[in-house]
1. Only residues that are free of Cβ contacts under 8 Å to residues at least 60 places away in the same chain and open to solvent by 50 Å² or more (accessible area, probe 1.4 Å): list them for the stretch 284-306, please.
2. Can you list the helices (runs of 4 or more DSSP H) found entirely within the stretch 134-248 that contain at least 3 residues being aliphatic (A, V, I, L, M)?
3. What's the number of the only condition in (1) under 24 Å from the mean Cα position of the chain (by Cα); (2) buried (at least 19 other Cβ atoms within 10 Å of the Cβ); (3) modelled with pLDDT of 90 or more that Gly310 fails to meet?
4. Checking Ser286 against (1) in contact with an Asp or Glu (Cβ under 8 Å, 6 or more places away or on another chain); (2) outside any helix (DSSP H, G or I); (3) of a type in the set (Ser, Thr, Tyr), which test does it fail?
5. Regarding Thr271, is this residue part of a helix (DSSP H, G or I), crowded, with 17+ Cβ neighbours inside 10 Å and touching a Phe, Trp or Tyr at 6+ places or on another chain (Cβ under 9 Å)?
6. Count, please, the residues in the stretch 249-268 that happen to be part of a helix (DSSP H, G or I), open to solvent by less than 30 Å² (accessible area, probe 1.4 Å) and among the aliphatic types (A, V, I, L, M).
7. Name, by its number, the condition in (1) crowded, with 20+ Cβ neighbours inside 10 Å; (2) farther than 21 Å from Ser70 by Cα that does not hold for Asn237.
8. Exactly one condition in (1) crowded, with 17+ Cβ neighbours inside 10 Å; (2) without any contact (Cβ under 8 Å) to a residue 40 or more places away in the chain is not met by Val149; state its number.
Amino acid sequence: MSADLVAAAAEPPADRPGRSDRPDVVVEPAGTGETDPRDGRERIARRADPTWRRALRTPAFVAGVVITASIVVAAVFAPLLATHDPAAQDLLNGLQGPSAAHWLGTDQLGRDLYSRLLYGARTDLRIAGLAVVVPFVTGVLLGTVAGYVGGRFDWVVARVVDTVVAFPFYVIVVAVVFAVGAGEKGIYVALALVGWVTYARVLRNTTAVYRASPWVVAARGGGLSHGRVVVRHILPNTLTQAVVLLMNDVVFVIVAVVTLSYLGLGVQPPTPDWGTMITDGKAFISTQWWLSVAPGALVVYTGIGLSLLGDGIADVWRAE
């Protein structure tokens, strides 16, 4: 039997008292440090594991951090890792296979595929990161206020959320981008208009539940203001769900950016972007299949990493 198994077997379960080196002390999960009059033995609380230790023992969190960090590092250090200018064209060497000069070959314009993948990660991660900030803040604010205040404001927010949810997400996004114009500006405006509803719906429901909880009623009875109750007592319990939702939403936004670029409504040439690269390579899928498969595989890889990271964060916080 390994040392880890022996240590795990020796550790007392969380639901009953454990042993101590002192015969007059019993270790309990919720000990008070006072002497029990029944047997005269002192009850002390077992110290909870630090958050970082629980995180390291969560496989989903570790895998998500490793995968996500590898993409982020590649995007941040793209100028150092790239072997060529991603926009430089060499029409005489178009559609070349992998070689020492071009590790993943070249596209139809002779641009280095490896370098464009690195800069494409930079473009998509930057847009996705910026595009979720406004929806996150707006959704958390409106959902929390609506769930706590209730009344007409809650009714208005609920009706707006129901109206937006009634339409397919991509239909609204494409319509807004058409109206605003293709490019990054259209992506930011479209996601800011429709991306907040998910956060608002989740925060509204959880805040409404916490509003009626005994500890919130006690805080109000103790003279705390509504703002202090929301900031100090409700938000710390609801933001965990919002952050987990944020990690999953980044995946959704990346897919939306890639989809818009695939349709010609997203990032415009010559800026490298995974969606545009997939579109450019589909005409050569039968001969140079890697032109589309490589950026598509990176989209899937990034999505898996962010999804695992979100699930891992939820598991770590759930164990507290």
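The values are calculated or read from the model by the stated rules, or taken from the named source; none is laboratory data. Worth saying up front: this structure is predicted, and the values here are computed from it rather than measured. FYI the Cβ positions are ideal-geometry reconstructions off the backbone, even for glycines, and counts take in every protein chain you see. Only protein heavy atoms, including side chains, enter the accessible area calculation; ligands, DNA and RNA are left aside. Shrake-Rupley method; radii C 1.70, N 1.55, O 1.52, S 1.80 Å.
1. Selection gives Ile285, Ser286, Trp289, Val293, Ala297, Val300.
2. Details: elements: 151-166, 169-180, 184-194, 196-211, 214-221, 226-229.
Correct list: 151-166, 169-180, 184-194, 196-211, 214-221.
3. Status for Gly310: all satisfied but (3).
4. Every listed condition holds for Ser286 apart from (1).
5. Numbers: part of a helix (DSSP H, G or I): no; crowded, with 17+ Cβ neighbours inside 10 Å: yes; touching a Phe, Trp or Tyr at 6+ places or on another chain (Cβ under 9 Å): yes.
Taking the combined requirement at face value, the residue does not satisfy it.
6. Qualifying residue count for the region: 8.
7. Result: Asn237 passes all but (1).
8. Tallying (1) crowded, with 17+ Cβ neighbours inside 10 Å; (2) without any contact (Cβ under 8 Å) to a residue 40 or more places away in the chain, Val149 fails exactly one: (1).
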